[in-house]
Amino acid sequence: MRKIFPQTIAAQLVSLLIVILLIGQAVNLFLIIGERRIQARAQQFKYVIEQTVSRATMLPDISSVELPFVLRPNGQLRGAFFLSRNNRALIIKDTKHLKRYERIYTEKLRSAGINPLNVHVYLRTKRRGRPPQRMQGGRLPNKQRMRPLPPRDDLFRPSHPSDPTRPSAPSMQEIVLSAELAPGIWFNAMVPHYSIEAITRRLLLATVVLMALTLLTAWFFARRITKPLNALAKASDRLGRGETKFELQESGPEDMRRAAQAFNTMRERLTSVMDTQRTMLRAIGHDLRTPLAVLRIRAENIPPENGQSKFIATIDDMTEMTEEILSWSKDVSHLEDVMAVDLNALLSSLIEDYRDRGLDVRFRETSRLVARVRRISLKRAITNLIDNSLKYGKRARVQLYEKNEHFRIDIDDDGPGIPSERLDDVRRPFVRLEASRNKDTGGIGLGLSIADTIILGMGGKLELKNRKDSGLRASIHLPNS
């Protein structure tokens, strides 16, 4: 369903406007066309009545005429006009009674000097069937040779105005007028009438032009609104990766300008906090290294029989832990700037260093894939993951892929893996799977946490997953932008 419906604000706004315009224009056209039809029908009915009255004035003396009597057609109004003893308006089925036009017909007849006893005006709405085909060359068509030919009744069923052999059009109706001029003598008129008036080209053109102008205007303002939003989204992504040396342009509507101003203010405050943190980390690193170095010198002066080796080992552990914690804190602070890095070249160089040391690390090289990352920090994160693979899985297999809108680096090992319920726990600082506190077997619990922090700081994601056969797969996902 997400592929069907538009996802952006501009597309949703324009789509909604299109639907509203279509519904509004459909209603507008319906009302306009309905009004036009009412007016056209009224004019047509009045014209038919006037012409029928004109034909009625041409009738001979009804007392001496032989019924039925048919008036000859003329070019002004096509239809059937005849005198008979039947009221055709009441005999015909599927009709609609037009009382309003009965009054008009009566008034017109009286104005012409004709005083009718009764007047009926009806509209025949049902489409008539196709009349039987005539004989061709003295013979009927094959399908009708065995069928009796129904009698033609041209007297009471007028033919098509232009061609008597053609059937009535689908929209053709008949206006039936009957006036009793004398007891038992009716003057009947049956006039064809089109029920649907065509929509004029100007009306359709006006509707299309109106919709086009409205949609262009809506698209312009939608883009004016969404362009600052897209810029804000990209700026937020850059800030989330630790980039601070940029400023969001304050443009667009007033609301968007205020949002851009708030973002720039937030960026300045975050930059100030990060600078303060970096200064503090440098001070802590300097202040801790000096006392530890002094303790190491004093420990070397302790006699061996008084536990010199234990003192030195403890101080070395403290020094290593301090360096690891400071390094982890620096990675959180994003001290390194973002730059374009060829991932294939970075991995090739890093793996070559491992192979020079005789370690079982392999990498399948690919084409040049460039990502915007912190080179040294990313190298440290990959090193931590490879070291874990070598420590617990004896070997490491590294692969680089380009997947849609991101890059993926897989690091596989053949070790025991990690219990499924602990895959998220090992990302936290100082969490170790090995129960003892021996740093040679379990480390201090910062390797995966540092890698996870570095990758998150570059807008990526670290995914840990047990392989189906054996071992663990650590996947690094980096944005391709």
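Please specify each residue of segment 95-128 satisfying the condition of being assigned to a helix (DSSP H, G or I) and among the small types (Gly, Ala, Ser).
SER111
So for segment 346-368 (the condition being among the aliphatic types (A, V, I, L, M) and exposed (fewer than 14 other Cβ atoms within 10 Å of the Cβ)), does at least one residue qualify?
No, the conditions are met nowhere in segment 346-368.
Of the residues that sit in segment 461-480 and are in a loop (DSSP other than H, G, I, E, B) and without any contact (Cβ under 8 Å) to a residue 60 or more places away in the chain, which one is nearest to ILE409 (Cα to Cα)?
Across segment 461-480, the extreme among qualifying residues is ARG467.
Filter segment 325-354 for residues that are at pLDDT 90 or above and either charged (D, E, K, R) or not assigned by TED's automatic domain parsing to the domain that holds GLY460 (or both) and give the result.
ASP342, GLU352, ASP353
Which condition number in (1) more than 18 Å from HIS193 (Cα to Cα); (2) loosely packed, with under 13 Cβ neighbours inside 10 Å is the one that SER54 fails?
All conditions pass for SER54, except number (2).
I'm trying to understand the selection: among the residues of segment 381-422, which are within 42 Å of the chain's Cα centre (by Cα) and assigned to a helix (DSSP H, G or I)?
Of everything in segment 381-422, those that are within 42 Å of the chain's Cα centre (by Cα) and assigned to a helix (DSSP H, G or I) turn out to be ALA381, ILE382, LEU385, SER420, GLU421, ARG422.
Can you pull out every residue in segment 348-378 that is touching a helix residue (DSSP H, G or I) at 6+ places or on another chain (Cβ under 6 Å) and in contact (Cβ under 8 Å) with a residue 60 or more places away in the chain?
ALA371, SER377
Residues of segment 176-209 being of a type in the set (Val, Ile, Thr) and at pLDDT 90 or above, which ones?
Listed by number, the residues that qualify are VAL176, ILE185.
The values are calculated or read from the model by the stated rules, or taken from the named source; none is laboratory data. Predicted model only: the values in this text are computed from it and were never measured. Neighbour counts are summed over all protein chains in view; Cβ atoms, including those assigned to glycine, are modelled from backbone coordinates with ideal geometry.
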